[in-house]
Amino acid sequence: MKKLYVILIAASLMLIISGVIRNEMEFVYETNTYGNFDVPGTQSWIMKLEPGVEDYASEIVYGTMHYKPLAVISALFVLTLFLSLIKLRREFILRKFLQWTAFATARIGVLRVSGLYPVKRSQLCVFPFLNCQACEMATGACPIGMLQWCLIKGDGLLLVIGIMLLAGAAAGRAICGWLCPFGFIADLFDRISLKKIRVPKIFKYLKYILFISIPLVIIFKMPFFCSFLCQSGNIYGRFPYYLTTGMPGLKAEFLGAEGIKPLLVFQLISLLALVAGAILIGGRWFCRYVCPLGAWLGLGNYVSPVRVLHDNSKCTNCGVCSKICAMDADLAKAGFNDVTSCIRCGKCTRICKARHFEISWKIHKGQAPKETSKEEYAGRV
């Protein structure tokens with residue numbers, strides 16, 4: 001397994017270097033467009049999300065000082081940090097702070113919007129986590145959004161695939177638990193979730209179906225996941241657009257004589273579905289069942305040195321670990337969906353009274369704690 005890990009890391013670095021040499025960073029920059037950061041003749045990326053209103057983003061000209069966006073986003077940064085840390089056990093503070101740091105870093109474009117500093121929308125290249133590049137404050141691209149656009153345009157693939165491969169091999173779904181800005185918001189939703197509905201685990205395969213369906217964008221010539229399915233796009237793209245730049249278009253749709261367009265109705269229902277799913281299923285319902293990047297990173301759990309190890313010799317089968325898991329994973333069963341769903345958040349390692357869990361941040365040279373097989377698990381219950 002360590003040999004495979006080294007091979008994957010080396011291959012990913014070679015792809016990234018090759019992409020940089022081929023100047024694929026320029027392609028990333030030309031793709032991430034908004035306002036006068038648009039490349040002439042291109043459409044603002046927010047329109048790839050099919051917001052159902054006109055492209056008001058292309059009309060924006062940055063450069064003059066506007067303190068209101070800076071004040072609003074700064075207040076949002078403080079509020080989200082407070083909400084994430086309130087009533088939190090001390091051992092989880094580091095994870096929440098890192099999540100919040102990634103969330104804030106991906107929104108540093110507020111400096112551009114406020115006129116303080118012309119931060120490029122692709123300043124930080126392609127992030128290894130789900131981040132909507134349609135966000136006006138964005139400082140980097142989403143790997144899934146870019147992967148779709150690279151396939152459509154036939155450019156930039158080496159850089160994007162290299163970054164995705166490196167992220168999966170190096171950290172697996174620990175990226176979902178420790179860095180992803182959407183996961184950060186999802187965890188906040190999870191605090192108020194009633195969790196009344198339990199979805200069968202077979203639906204977790206949906207995200208893999210969506211991932212392997214991505215090449216279909218070559219046929220349809222549109223990033224369908226971003227356009228119709230991505231809830232990160234709702235939180236960081238469409239919803240902020242409706243409240244700010246796109247508000248004139250939203251008002252025109254609601255007050256117009258022709259009635260609301262079906263596409264806009266669909267997008268608004270999608271926003272409601274995000275909230276309803278968070279309350280009834282769990283804050284990370286999208287991460288569990290829909291996110292194609294989570295599917296890819298989950299496969300990396302098998303080779304990544306960041307892992308949660310389960311020691312079956314100490315397990316009392318109390319089931320507490322699986323009950324508190326935001327991803328509905330049960331590492332005692334060692335099933336495919338359980339292993340690939342684990343986001344390495346560490347909750348199970350803290351709540352387990354038998355202390356049969358261990359969170360590991362390195363490649364083990366010796367014998368690791370034995371993971372329970374399905375047969376052993378069934379025999380003990």
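Cα centroid separation, the stretch 1-73 to the stretch 116-188: 9 Å. Once the Cα atoms are used to define both axes, helix 262-280 deviates from the longest principal axis of the chain by about 30 degrees.
What is the chain by shape, rounded, prolate or oblate, if you read a ≥ b ≥ c off the alpha carbon gyration tensor as root eigenvalues and call it rounded for a/c under 1.5, prolate for a/b larger than b/c, and oblate otherwise? In terms of gyration-tensor shape, prolate. If you take all other residues with their beta carbon under 11 Å from the beta carbon of residue 289, and give Lys and Arg +1 and Asp and Glu -1, the sum is +4.
Extension gain, residue 199 to residue 83: 0.36 nm times the residue separation minus the Cα-Cα distance gives 39.0 nm. Each stretch of four or more DSSP H residues adds -39500 (n - 2.57); spread over every residue of the chain, this sum gives -14000 deg cm²/dmol at 222 nm. From most to least packed by mean Cβ count within 10 Å, the peptides 119-128, 133-142 give 133-142, 119-128.
Comparing 160, 275, 303 in a Gaussian network model of the chain (Cα springs below 10 Å), the most mobile by mean-square fluctuation is 275.
Residues 244, 349, arranged from fewest to most other Cβ atoms within 10 angstrom of their Cβ, appear as 244, 349.
Between helix 93-105 and the chain there is an angle of about 20 degrees, using the helix long axis and the longest principal axis of the Cα atoms. Between residue 219 and residue 272, the modelled label-to-label distance comes to 3.2 nm, taking each label 7 Å out from Cα in the direction of the beta carbon.
Which order, highest average first, do 226-232, 14-20, 173-179 follow once you tally other Cβ atoms within 10 Å for each residue and take the mean per peptide?
On the way: 226-232: 22.1, 14-20: 17.0, 173-179: 27.3.
Packing order, densest peptide first, comes out as 173-179, 226-232, 14-20.
Cβ crowding within 10 Å, taken as a proxy for footprinting-reagent exposure, orders 12, 304 from fewest neighbours to most as 12, 304.
Coordinate-derived values only; no laboratory data. As the structure is a computational prediction, the values presented were derived from the model and not from experiment. Reconstructed Cβ throughout: ideal geometry from the backbone, glycine too, with neighbour counts over all protein chains shown.
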